[in-house]
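Here's the structure we're looking at; comments come further down.
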2 protein chains.
Amino acid sequence: MKNLFADRMENVPASFIREILKFTQSKDVISFAGGLPNPAFFPVEDIKKSAVKVLEADGTRVLQYAETEGHLPLREYISDYMLRRKNLKVPVEEIQITNGSQQAIALICKTFLNKGETVVLERPSYLGAIQAISFYEPEFHTVELEDDGINIEELESTLEAHPAKLFYSVPNFNNPSGITWSLEKRQEVARILSNHEMIYFEDDPYYEVRYEGEHLPSVKSFYDKNVILTSSFSKMVAPGFRIGWICAQKDLMEKIVISKQAADLQPGTFAQRVLHQYLTDYNIENHLVKIRETYKRQKDKMVEMMKQELPEEVKFTNPQGGMFLWATMPENASCRDVLSITIEKKVVFVPGDTFYVDGKGFNCMRLNFSNSPEEKIVKGVKILADAMKEVIAKHNKLKTVPV
Amino acid sequence: MKNLFADRMENVPASFIREILKFTQSKDVISFAGGLPNPAFFPVEDIKKSAVKVLEADGTRVLQYAETEGHLPLREYISDYMLRRKNLKVPVEEIQITNGSQQAIALICKTFLNKGETVVLERPSYLGAIQAISFYEPEFHTVELEDDGINIEELESTLEAHPAKLFYSVPNFNNPSGITWSLEKRQEVARILSNHEMIYFEDDPYYEVRYEGEHLPSVKSFYDKNVILTSSFSKMVAPGFRIGWICAQKDLMEKIVISKQAADLQPGTFAQRVLHQYLTDYNIENHLVKIRETYKRQKDKMVEMMKQELPEEVKFTNPQGGMFLWATMPENASCRDVLSITIEKKVVFVPGDTFYVDGKGFNCMRLNFSNSPEEKIVKGVKILADAMKEVIAKHNKLKTVPV
């Protein structure tokens, strides 16, 4: 039979996380795998009131087609939010509402990427971005993430050797590693951007989920040309609305809007209107305070347990925000071997190679703490630690077999 | 400055309809331009009750991430609906929920189309499809729509001369023309499909909006291999949910799901859950009866006015369903000239060339009747008729100038 699929489908991986989502929804599974926010904090009652209010006040328009760019008052809210919280002036004309930040990534790729052009990523990088970008058949180059952010020298030499069309990064609480770029590195990246004509894509979905340390200014605040900033209400309010946004200067935005039209005409009016009513009537800061406290407690518990239980050869990050930490086993110890043990005991996580474009990272793993209560973290880390010890011991034994 | 946009952006038109949507939302405009359902029939009160019910019963899951394929009970509803209403057996595994049928088109293109491959369209064809497909830089070939559907001989010869990857059509109440394929033409197309290995894409958003004549079986009911059928709740319930669906056999669906993952992870849980609660608690047939009666009355009024007012050289269709009719002026009389007159008098429609990929159709126009009350139809058609007479007279005068 003829292969009817487009060539681009050959190199696109299915999302590991999405594939195990069904499995992890079962109650007795301890899942460190997903990127699910803690549903205990979804403002269900307030959203119910918001839905009733907006349907009663303006029901026919809430259910009708509307503008591709998104509901104007919601874009005004975002514009105001960007100024208030991030000290960034983003006029309404420079805001497009999307179906979560995943669609933002897909639309930006569609608008800017030709086949074979260079895309630079952090190493490791967000799996959803790797997947969306892969459709456009780029040449990937990656730059190491150090404890305080991207390796500046490697970024410069990479961009010199491989002039890029797009540089994608998550400077706040990188997914998967939890690493945050320092102020100095942000300024350094801004300086580098001024020497290269390309799109810099600053993905910032976790900004509000900082529970330690000071907020840092975005790279866009230091250098604005061809910089696209994206974010989402998924972690701030709830992911079920699928509402994120793109900020891009007007000449870029004009084409992004056309990509959005062709992709699905417009963001859903119903979801936008209910969310906007909620944002208007309630103060999300009250809601965020609870999220931050809880995530910090859960993260602290996971770090404490990992310090206590994990073999000392295993390193891990201690993030100031976001939803993930990143553990690194000794070289050549495989996290897929660990997973095959823990999955039998109903503990799952995402193997590190998923976040690499070159098959590396197989000795690493991403661990989510936002969606597990403390007792599950305690239990899960113990099971994880035992499995790691087993895999590392087997590996050491192999190493010491006489030749 | 370097052009940072992808090459594919060069040939993609902005949507005329989307661009004038802002203009047409003003109350004193008579818009025959949009494809808006009549909001008077949106079941606002029932949807409000459904939102309250589902949020009270299962709020945290309604606002959480969920499966890429869509909410399982909603897919079960669709599977049952396809059997009940269209006599088609479509198992749940062969259904993917999308953001309206526009996203269905975009995902199918992404999954199957390589640059330069042949796409066959009806002539005229749906603008949103032309736009979405254009991103994938195909070679377009078009086949004439006759009064009873696609020209079978031209379809056969086109497919012989240009082996196609994809054939896209709207057999029920084609947008823009309102034309419906006869039973015989459906069977003929099925026969032709069995001789060609390609994707046949049957887009069917208006099925339930038939107000005259008998329902006809889908092409998929005669030939199933590599046939993808799409539809939407936008015209059946309300477009503000942005919920449509794709039916495709399992081996095709596996890749379509990956395209959906990368595009935006999943359809919005909140919109899906509220819509599903509404579909479960209420009988949409009651709601559809009202839509059909009203659209028929509006269509009849438009046809009556056109017979009465339009110059006799202008031909137009009289559809059995859907939301549009299609008027054809004498060759070389331009609908854009007509539009430039009517727009001053606040009457708008979509010029026909928008629905062609070869710049033809400029003497045609698409007229929407679903979103205008009868008094606006009466007034609008008169203004339209006067403008047509003016343009045709000017054109005739030019023709008779002595050389």
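Each residue of the range B:223-237 in turn: what ³J(HN,Hα) in whole Hz from Karplus with 6.51, -1.76, 1.60 and θ = phi - 60°, glycine and Pro shown as x?
8, 10, 6, 6, 9, 10, 10, 10, 7, 6, 8, 4, 8, 7, 10
Determine the gain in length on full extension of the stretch residue A:115-residue A:254; use 0.36 nm per residue of separation and subtract their C-alpha separation, reporting nm with one decimal.
So the chain would gain 47.9 nm between residue A:115 and residue A:254.
What's the local net charge at residue B:4, with K and R +1, D and E -1, over the other residues with C-beta under 9 Å away?
Result for the neighbourhood of residue B:4: +1.
Treat each spin label as a single point 7 Å out from the Cα along the C-beta direction, and report the residue B:28 to residue A:56 distance in nm.
Simple spin-label model gives 3.4 nm for this pair.
Taking chain A as the reference, fit the longest principal axis to its C-alpha atoms, fit the long axis of helix A:100-112 to the helix C-alpha atoms, and give the angle between the two in degrees, 0 to 90, nearest 10.
Taking Cα atoms only, the helix is inclined about 80 degrees.
What ranking do B:376, B:307 get, fewest neighbouring Cβ atoms within 10 angstrom at the top?
Lowest to highest Cβ neighbour count: B:307, B:376.
Would you mind counting up the charge near residue B:76? Only other residues with Cβ under 14 Å from its Cβ, with Lys and Arg at +1 and Asp and Glu at -1.
-1
Along Cα-to-Cβ, 7 Å out, sits the label point; list in nm, shortest first, how far the one on residue A:191 is from those in the other copies.
In ascending order, 7.5 nm.
Which of A:84, B:123 has the fewest other C-beta atoms within 10 Å, and how do the rest follow up to the most?
A:84, B:123
Would you mind working out the magnitude of the charge dipole of the range B:95-167 relative to its Cα centre, with +1 at each Lys and Arg C-beta and -1 at each Asp and Glu C-beta, to the nearest 20 Debye?
660 debye
Size of the dipole of the range B:44-281 about the Cα centre, Lys and Arg at +1 and Asp and Glu at -1 on the beta carbon, nothing else charged, in debye to 20?
Charge dipole of the range B:44-281: 900 debye, to the nearest 20.
Fewest to most neighbouring Cβ within 10 Å: what's the order for A:243, B:192, B:256?
Least to most surrounded, the residues fall as B:192, B:256, A:243.
Aspartates and glutamates near residue B:53 by alpha-carbon distance under 17 Å, same-chain residues fewer than 8 away left out - which ones?
In chain and number order, the partners are A:45, A:46, A:56, B:45, B:281.
Would you mind checking the tilt of helix B:152-161 against the longest principal axis of the Cα atoms of chain B, expressed as 0 to 90 degrees and rounded to 10?
That works out to roughly 70 degrees.
Can you list, shortest first in nanometers, how far residue B:2 lies from the same residue in the other copies, with each label 7 Å from Cα toward Cβ?
In nanometres, ordered from closest: 3.8.
Okay, helix-only estimate at 222 nm for the protein assembly as shown: each DSSP H run of n ≥ 4 adds -39500 (n - 2.57), divide by all residues, round to 500 deg cm²/dmol; what do you get?
-14000 deg cm²/dmol
Between copies, how close do the residue B:286 label points come, placed 7 Å along Cα→Cβ, listed in nm from shortest?
Output for residue B:286: 3.7 nm, nearest copy listed first.
If you line up the long axis of helix B:374-400 against the longest principal axis of chain B, both from Cα atoms, how many degrees apart are they, to the nearest 10?
50 degrees
In Å, what Rg and Dmax follow from the Cα atoms of chain B?
For chain B, the Cα-based Rg and Dmax read 21.5, 79 Å.
If you take the charge dipole of the range B:44-281 about its Cα centre, with +1 on Lys and Arg Cβ and -1 on Asp and Glu Cβ, which of B:272, B:196, B:178 is farthest toward its positive end?
So the residue we want is B:272.
Residues with amide H under 5 Å of residue A:150's amide H, sequence separation 5 or more or different chain, H placed in the peptide plane at 1.01 Å from N; which?
The answer is none.
Among bridges DSSP assigns within the protein assembly as shown, what percent are antiparallel (round to 5)?
Once the DSSP bridges in the protein assembly as shown are tallied, antiparallel ones form about 50 percent.
Below 8 Å, C-alpha to C-alpha, sequence gap of six or more: please give me the relative contact order for the range A:44-281 in percent.
For the range A:44-281, the relative contact order is 28 percent.
Taking K and R as +1 and D and E as -1, what net charge do the other residues with C-beta under 10 Å from the C-beta of residue A:355 add up to?
+1
Filter the cross-link list B:301/B:376; A:250/B:2; A:2/B:165; A:307/A:376; A:115/B:250 down to pairs whose alpha-carbon distance in this structure exceeds 19 Å.
Long pairs (Cα-Cα over 19 Å): A:115/B:250.
Considering only DSSP beta bridges where both residues belong to the range B:44-281, give the percentage that are antiparallel (nearest 5).
Looking only at bridges with both residues in the range B:44-281, the antiparallel portion is about 35 percent.
For the pair residue B:183 and residue B:154, what calculated FRET efficiency results from E = 1/(1 + (r/R0)^6), where r is the Cβ-Cβ distance and R0 = 25 Å, to the nearest 0.05?
0.80
So who's got an amide H within less than 5 Å of the one on residue A:199, skipping anything under 5 residues away but keeping other chains? H placed 1.01 Å off N, in plane.
When sequence neighbours closer than 5 places are left aside, the close amide H contacts are A:166, A:167.
We did not get these values from a lab; they are worked out from the coordinates using the rules stated. Here the structure is a predicted model, which is why all the values come from computation and not from measurement. A quick note on method: Cβ atoms are made from the backbone with ideal geometry, for glycine too, and the neighbour counts reach across all protein chains shown.
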